[in-house]
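The values are calculated or read from the model by the stated rules, or taken from the named source; none is laboratory data. Keep in mind it's a predicted model, so treat the numbers as computed, not measured. No Cβ is skipped: glycine too gets one built from the backbone with ideal geometry, and neighbour counts run over all protein chains shown. Ligands, DNA and RNA are stripped out before the accessible areas are found, and what is left, the full protein with its side chains, is counted by its heavy atoms. Shrake-Rupley method; radii C 1.70, N 1.55, O 1.52, S 1.80 Å.
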Amino acid sequence: MKIAIIGTGAMGSVYAARFVEAGLDVVAIDPWEAHIDAINSKGLRLNGPDGDRVVQGLVATTDPKQAQGADLIIIATKASGVAAAAQSVCPFVGPETTVLTIQNGLGAGERICEFLPEANVLLGVADGFGASMQGPGHVTHTAMKLIRLGEVTGGLTPRLSQIEALWQRAGFTAKAFDDIHQLIWEKLLCNVTLSAPCTVFDCSVGVLLETPERWSVALDCMQEAYACAKASEIDFSFEDPVAYVTAFAKAVGNASPSMRLDHLARRSSEIDFINGAVPPIGRHLNVPTPVNDRLVAEVRKREAKFTKETL
């Protein structure tokens, strides 16, 4: 089986390394030339809970055409790059090609399906997965709990079972679910609680949780998203959303959401697909979202300054 991974930043690099180590034919596609050159010349250095090693045998390129002939295409870009990635591989997707994206936030499936048939698409959710780039050709991952997989249209299919087994073969804890949209919303509640609040207050998750006035704002963000989900008839696996996101925050500890890390690096975040995804749904369903509105506006204001700095 040939696997093409579009977007080999931190998460995509971990996927690529483990699939290669499992003996699979993998091509890594990314526009970061220094990263691609480092992989091709020295291999991909990976360090984390299972050791520090250099993975050889990974083919890396900046050319999306190298996805041709892939049986599985994994889109591991940031949420803002999903549509462009889907469009770039569209000519190479045949009837039997599976396209999988694993994203935070809402709308990844819809963006992919603007360019590819829904029947080709799987969605994924990474649970308890932390990774960061240390430099070209070098990635660190700190945790890797569960990869959740599902069909866009729902249900458990033979294809989904095959992809589940493939991830397990590569050493991931992976599980197929018949309602991936439920899981996407459950992850969104956690992201909405932590992402914009930690970014606006410029603090870690641990500090957010331990500061009552800040944690109250974070829970307000979550409650607005929860109200939108219930109005959308999402069936959650828990009864108490506050207990659910609080347990998640405690497990994260003193880490920072990727949104805050983006701002510390003076770059744009995935705000439009996390907290920023809540107000449009609220307007459509007549659900008020004033706290998310306020925090999203502040995040976008700060990001506009980053853009001006680079001009």
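Just the number, please: carbon plus sulfur as a percent of the accessible area of the stretch 1-149, 1.4 Å probe, no ligands or DNA/RNA counted. Write out the running numbers ahead of the final one.
Working: 2950 of 5840 Å².
Answer for the stretch 1-149: carbon and sulfur cover 51 percent of the accessible area.
Can you tell me the accessible area per residue over the chain, all protein chains present, probe 1.4 angstrom, in square angstrom? Spell out each step's value before the answer.
On the way: 13620 Å² over 311 residues.
Result: 44 Å² per residue.
Normalized C-alpha radius of gyration of the chain, against 2.2 N^0.38 Å? Mind showing how you got there, number by number?
On the way: Rg = 19.0 Å, N = 311, 2.2 N^0.38 = 19.5 Å.
That works out to 0.98 for the chain.
Between THR307 and GLN168, what is the FRET efficiency for a Förster distance of 45 Å, r being their Cβ-Cβ separation, to the nearest 0.05?
On the way: r = 42 Å, r/R0 = 0.93.
It comes out at approximately 0.60.
Report the antiparallel proportion of the DSSP beta bridges in the chain as a percent, rounded to a multiple of 5.
Numbers: 17 of 43 bridges.
About 40 percent, rounded to the nearest 5.
How far apart, in nm, are two points set 7 Å out from the Cα along the Cα-to-Cβ line at PHE92 and at ALA34?
Between PHE92 and ALA34, the simple spin-label model gives 2.5 nm.
If contacts are Cα pairs under 8 angstrom and at least 6 residues apart, what is the relative contact order of the stretch 224-311 in percent? Present the calculation step by step, with values, prior to reporting the outcome.
Values: 52 pairs, mean separation 31.3, N = 88.
It comes to 36 percent, rounded to a whole number.
If you bin the C-alpha pair distances of the stretch 19-170 every 5 Å from 0, what whole percents do you get?
With 5 Å bins starting at 0, P(r) equals 2, 8, 17, 21, 23, 18, 9, 3, 0.
Give me the percent relative contact order of the chain, please, defined on Cα pairs under 8 angstrom at least 6 residues apart. The partial results should precede the final answer.
Working: 593 pairs, mean separation 44.5, N = 311.
Here the relative contact order equals 14 percent.
Rg and Dmax of the stretch 87-158 over Cα atoms: what are they, in angstrom?
14.5, 40
Label GLU298 and ARG53 with points 7 Å out from Cα along Cα→Cβ: what is the distance between them in nm?
Using points 7 Å along Cα→Cβ, the separation is 4.5 nm.
Of the listed peptides 14-21, 132-139, what is their order by residue-averaged count of other C-beta atoms within 10 Å, with the highest listed first? Write down the numbers at each step before the final one.
Values: 14-21: 24.1, 132-139: 16.8.
Top to bottom by mean Cβ count within 10 Å: 14-21, 132-139.
Could I have the simple spin-label model distance between SER41 and LYS175, label points 7 Å from Cα toward Cβ, reported in nm to one decimal?
4.4 nm
For the stretch 173-220, what % of the accessible area comes from carbon and sulfur atoms, probe 1.4 Å? Please list the in-between numbers first.
Numbers: 820 of 1650 Å².
About 49 percent, which is the carbon plus sulfur part of the accessible surface.
Which value at 222 nm does the chain reach when only helices count, each DSSP H run of 4 or more adding -39,500 (n - 2.57), with the total divided by all residues and rounded to the nearest 500 deg cm²/dmol? Mind showing how you got there, number by number?
Numbers: 12 runs with 143 residues, N = 311.
That comes out to -14000 deg cm²/dmol.
Return the Cα extents of the stretch 158-287 along principal axes one, two and three, sorted largest first, each rounded to a whole Å.
47, 36, 28
Based on the Cα coordinates of the stretch 247-311, what is the per residue volume of their convex hull in Å³? Please report the intermediate quantities before stating the final value.
Details: hull volume 6.4 nm³, N = 65.
Convex hull of Cα atoms, per residue: 99 Å³.
Based on the mean of other beta carbon atoms within 10 Å per residue, what is the order of 158-164, 267-273, 234-240, 195-201, most packed first?
Numbers: 158-164: 15.7, 267-273: 20.9, 234-240: 11.6, 195-201: 26.0.
Per-residue Cβ counts within 10 Å, averaged per peptide and sorted highest first, yield 195-201, 267-273, 158-164, 234-240.
Quick one: plug the Kirkwood hydrodynamic radius of the stretch 1-80 (C-alpha pairs) into Stokes-Einstein at 37 °C, 0.692 mPa s, and report D in µm²/s.
Working: Rh = 12.4 Å.
Stokes-Einstein gives a translational diffusion coefficient of 265 µm²/s.
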